[in-house]
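A.B. asks: Once you've had a glance at the structure underneath, I'll fire off some questions.
The values are calculated or read from the model by the stated rules, or taken from the named source; none is laboratory data. If you're wondering where the values come from, they're calculated on a predicted model, not measured in any experiment. When we count neighbours, we look across all protein chains shown, and the Cβ atoms used for this are built from the backbone with ideal geometry, even at glycine. Ligands, DNA and RNA are excluded from the accessible area calculation, which covers all protein heavy atoms including side chains. Shrake-Rupley method; radii C 1.70, N 1.55, O 1.52, S 1.80 Å.
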Amino acid sequence: MKIAFFSTKPYDKIWFEPMGKEYGFEIRFFEMSFQEETISLARGFDAICIFVNDYVNARMIDQLHEMKVRAILLRSAGFNHVDVQAAEGKLCILRVPSYSPEAVAEFAIGMILTVNRFTHKAYNRTREFNMSLNGLMGVDLYQKTAGIIGTGKIGQAMIRICRGFGMHVVAYDPYPNKELSVEYVSLEKLMTQADLISLHCPLTSETKHIVNRATIDHMKQGVYLVNTSRGALIDTDALIDGLVAGKFGGVGLDVYEEEEGIFYEDKSGEIMQDENLARLMTFPNVLITSHMGFFTKEAMQAIAKVTLENAYAFENGLPLKNRVSAQQAG
């Protein structure tokens with residue numbers, strides 16, 4: 001089986017290269033992202049393997065089908081970047097539904113601790129021997145209310161961590177887990193009650209801009225917001241207006257609505273053309289990282305293992321437990 005990997009970095013090869021050889025796959029790594037301009041590189045391959053900021057639209061599905069590409073392997077749990085409906089009956093789409101929920105949840109709480117207690121600013125100050133505490137005051141998380149939106153495996157890991165901090169936890173999910181011991185509330189009630197709101201839901205037509213002007217209006221003054229899921233869960237313009245109005249105690253963003261072509265790349269020598277991202281960087285209570293919540297050794301190894309297991313199952317006619325269906329895509 002010949003597989004073309006797109007949007008690859010040196011750290012991707014650490015696990016994919018040796019594992020691929022064990023399975024007998026012929027793998028070609030491409031650094032460029034997968035998009036309409038690079039689709040011709042997929043010719044001659046049985047499958048392509050793409051990451052979160054690649055995309056495959058309906059027209060590209062038809063092109064891949066004509067090239068006799070048979071499968072799209074996703075190195076991610078989310079599949080909003082692929083037109084699953086268009087792929088039905090043409091290409092098989094396989095994802096990695098779970099790799100390390102704890103990695104993302106731990107990173108989310110790390111962002112909250114950083115933006116709340118200003119440890120990143122304290123680090124920079126003390127390196128210049130500025131030991132002043134002015135402007136570094138945070139709040140206790142103990143006995144505060146954490147609102148978790150999305151109670152899949154990552155959301156559940158976040159619930160466990162928040163409880164470890166002695167927080168009261170409420171949750172919202174359109175499909176509540178009856179086996180999960182957590183207080184489910186309506187989205188409006190969560191927005192009203194929570195001191196900390198953490199997003200752990202997939203990006204769908206229903207969840208796009210779940211944080212918007214109306215929901216921000218319902219939030220507590222001084223609320224903390226963290227997003228380690230998908231950027232478009234938050235309406236960026238509404239978020240900026242809320243920040244200007246002083247609504248938020250702090251915001252942690254590991255993802256961004258228009259991150260494609262920016263995140264995972266070194267843009268330090270360029271003028272930032274994205275005005276919203278540039279403006280978000282100016283707020284002293286906003287912490288932005290480059291979609292790295294998943295980035296642990298354990299998670300990367302698990303992603304490689306499941307991705308190649310998916311490819312092996314597809315090649316050998318085995319049950320495809322991680323197949324993405326049109327029904328799942330809604």
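A.B. asks: Would you tally the net charge around W15, using a Cβ to Cβ cut-off of less than 10 Å, leaving W15 out, and scoring K and R as +1, D and E as -1?
C.D. replies: Result for the local shell: +1.
A.B. asks: Lysines within cross-link reach of K189: Cα-Cα under 24 Å, excluding same-chain residues under 8 positions apart?
C.D. replies: Partners within reach: K144, K153, K178, K208, K220, K247.
A.B. asks: How big is Rg to Rh over segment 199-240, alpha-carbon atoms, Rh as the Kirkwood inverse-mean-distance radius?
C.D. replies: 0.94
A.B. asks: Something else now. Of H168, L239, T192, which is farthest along the charge dipole of segment 139-294 in the positive direction, counting Lys and Arg as +1 and Asp and Glu as -1 at C-beta?
C.D. replies: Result: H168.
A.B. asks: So how strong a dipole does the chain carry about its Cα centre when Lys and Arg Cβ are +1 and Asp and Glu Cβ are -1, to the nearest 20 debye?
C.D. replies: Dipole magnitude for the chain comes out near 800 debye.
A.B. asks: At q = 0.24, 0.26 Å⁻¹, what log₁₀ I(q)/I(0) does segment 119-184 have when each alpha carbon counts as one equal point scatterer in the Debye sum?
C.D. replies: -0.93, -1.03
A.B. asks: What three numbers, in Å, describe the spread of the alpha carbons of segment 185-330 along their principal axes, ordered from the longest?
C.D. replies: 57, 46, 26
A.B. asks: Once amide H atoms are built 1.01 Å from N in the peptide plane, which residues 5 or more positions from D274, or in another chain, come under 5 Å H to H?
C.D. replies: Amide H neighbours of D274, under 5 Å, 5+ apart: none.
A.B. asks: For K267, list the aspartates and glutamates whose Cα falls under 19 Å from its own Cα; do not include residues on the same chain fewer than 8 positions away.
C.D. replies: E31, D54, D254, E257, E258, E259, E275
A.B. asks: Let me ask something additional. To the nearest 500 deg cm²/dmol, what mean residue ellipticity at 222 nm is calculated for the chain from DSSP H runs of n ≥ 4 alone, each contributing -39,500 (n - 2.57), summed and divided by the residues?
C.D. replies: Taken over the chain, the calculation gives -10000 deg cm²/dmol.
A.B. asks: By how many degrees, 0 to 90 and rounded to 10, does the Cα axis of helix 297-315 deviate from the longest principal axis of the chain?
C.D. replies: Helix 297-315 sits roughly 30 degrees off the main axis of the chain.
A.B. asks: Something else now. Among I262, T289, A326, pick out the residue whose Cα is farthest towards the positive end of the charge dipole of segment 246-330, where Lys and Arg carry +1 and Asp and Glu carry -1 on C-beta, about the Cα centre.
C.D. replies: A326
A.B. asks: Hey, could you pull the Cα Rg and Dmax for the chain, both in Å?
C.D. replies: When restricted to the Cα atoms of the chain, Rg and Dmax are 20.9, 64 Å.
A.B. asks: I would also like to ask the following. To the nearest 10 square angstrom, what accessible area does F118 show with a 1.4 Å probe?
C.D. replies: 30 Å²
A.B. asks: On a 0 to 90° scale, report how tilted helix 10-23 is relative to the longest principal axis of the chain, with both axes built from alpha carbons and the result rounded to the nearest 10.
C.D. replies: 40 degrees
A.B. asks: What number does segment 67-157 give for Rg over Rh if you use C-alpha atoms and the Kirkwood radius?
C.D. replies: 1.22
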